[in-house]
Amino acid sequence: DWIHRFRLGLYGTQGPTDQSDIRTSLSSDRSTPSELLSIRLSYQLSEREGTVTRDRFVSRVRQEWGRDDRTPWSMFAEGEVEIDQTREEDARLRGTAGLSYLFFKDDKGELSGRVGLGGSLDVGGPNDELEPEALVALSFSRKLTERQTIRLSGELFPLLDDSGEFRANARGAWELALTEDGAVPLRLGGENRFDS
């Protein structure tokens, strides 16, 4: 059984500085007692003074196997495609496989982690070689009240060569359910992406 979520965020100012921003995302999750399939699509378009400062599309798919009440361990594989018209490369492709660990889960939230190995490839840029990289990730969610939830996640992608370079993503959000069933939430969040 699938659970779908659609998000839309709009921002704009007009005056001494004209600025606009639109963010939209679609996420779909299908869960069984032993498997989880997650699909994420997101798009952001930002303009400042008539110049496009961000035009980015990201698609991510992750499959987990071996989820079981008897063990906190499971296996996962994930792939990602990122197309950003404001970067010098045409696209970044990434794939990772590894192990997931569920530190705790109850009716109010959960904490899980992932470690894995994979690689990334920048297509159409100055460096078009496959770069091996590792993944270390944490994901946390907690229900504060019946209508309020916080969600935090972080991913670290260190390159496995001798360069010492890495990428890191951090996200955080607070959600307030505007309806009794929670189908319409107000979401305030932030995202930080770093590439050394």
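What is the calculated FRET efficiency for residue 21 to residue 162, with r their C-beta to C-beta distance and R₀ = 35 Å, to the nearest 0.05?
Values: r = 39 Å, r/R0 = 1.10.
The calculated FRET efficiency here is 0.35.
With θ set to phi - 60° and the Karplus curve 6.51 cos²θ - 1.76 cosθ + 1.60, what are the ³J(HN,Hα) couplings of region 106-123 in order, to the nearest whole Hz, using x for Gly and Pro?
9, 6, 9, x, 7, 10, 9, x, 9, 10, x, 10, x, x, 9, 9, 8, 9
What residues of region 168-189 lie in the reach of a label at residue 145, counting those whose backbone N is under 14 Å from a point 7 Å from the Cα along Cα→Cβ?
175-180, 186
Leaving out ligands and nucleic acids, and using a 1.4 Å probe, what accessible area per residue does region 20-121 come to in Å²?
56
If you rank 108, 143 by how much accessible surface each has, with a 1.4 Å probe, what is the order from largest down?
Ranked from most to least accessible, the order is 108, 143.
What longest region of the chain stays clear of GluC sites (Glu not before Pro) that DSSP places outside H, G, I, E and B and that have at most 10 other Cβ atoms within 10 Å?
1-48
Just the ratio, please: alpha-carbon radius of gyration of region 1-115 over 2.2 N^0.38 Å, N its number of residues.
Normalised Rg, Cα atoms only: 1.37.
How big is the Cα convex hull of the chain in projection, averaged over all directions, in nm²?
13.0
What Kirkwood hydrodynamic radius do you get for region 76-183 when you take the inverse of the mean 1/r over all pairs of distinct Cα atoms, in Å? Before the final figure, lay out each step's value.
On the way: mean 1/r = 0.0625 Å⁻¹.
The answer is 16.0 Å.
In the chain, carbon and sulfur make up what percent of the accessible area (probe 1.4 Å)? Mind showing how you got there, number by number?
Values: 6850 of 12280 Å².
Carbon plus sulfur share of accessible area: 56 percent.
Please work out the FRET efficiency for the pair residue 111 and residue 183, using the Cβ-Cβ distance as r and a Förster radius of 22 Å; give the result to the nearest 0.05.
Efficiency at R0 = 22 Å is approximately 0.30.
Restricting to Cα pairs below 8 Å that are 6+ residues apart, what does the relative contact order work out to for the chain? Please round to a whole percent. Don't skip to the answer; put the middle values down first.
Working: 508 pairs, mean separation 19.4, N = 196.
About 10 percent, as a whole number.
Could you pull out every residue, at least 5 positions away or on a different chain, whose amide H is within less than 5 Å of the one on residue 90? Hs are placed 1.01 Å off N in the peptide plane, and Pro or chain starts have none.
123, 124, 125
Through the Karplus equation 6.51 cos²θ - 1.76 cosθ + 1.60, θ set to phi - 60°, convert the phi angles of region 171-186 into ³J(HN,Hα) values in whole Hz; use x for Gly and Pro.
Ordered by residue, 3J(HN,Hα) equals 9, x, 8, 10, 10, 10, 6, 8, 10, 4, 7, x, 6, 10, x, 9 Hz.
Can you give the accessible area of residue 188, probe radius 1.4 Å, in Å² rounded to 10?
Probe radius 1.4 Å; accessible area of residue 188 about 100 Å².
The values are calculated or read from the model by the stated rules, or taken from the named source; none is laboratory data. The structure presented is a predicted model; accordingly, all values stated were derived computationally and were not measured. Cβ coordinates were reconstructed from backbone atoms using ideal geometry, including for glycine residues, and neighbour counts include every protein chain displayed. Keep in mind that these areas ignore ligands, DNA and RNA; they rest on the heavy atoms of the full protein, side chains included. Shrake-Rupley method; radii C 1.70, N 1.55, O 1.52, S 1.80 Å.
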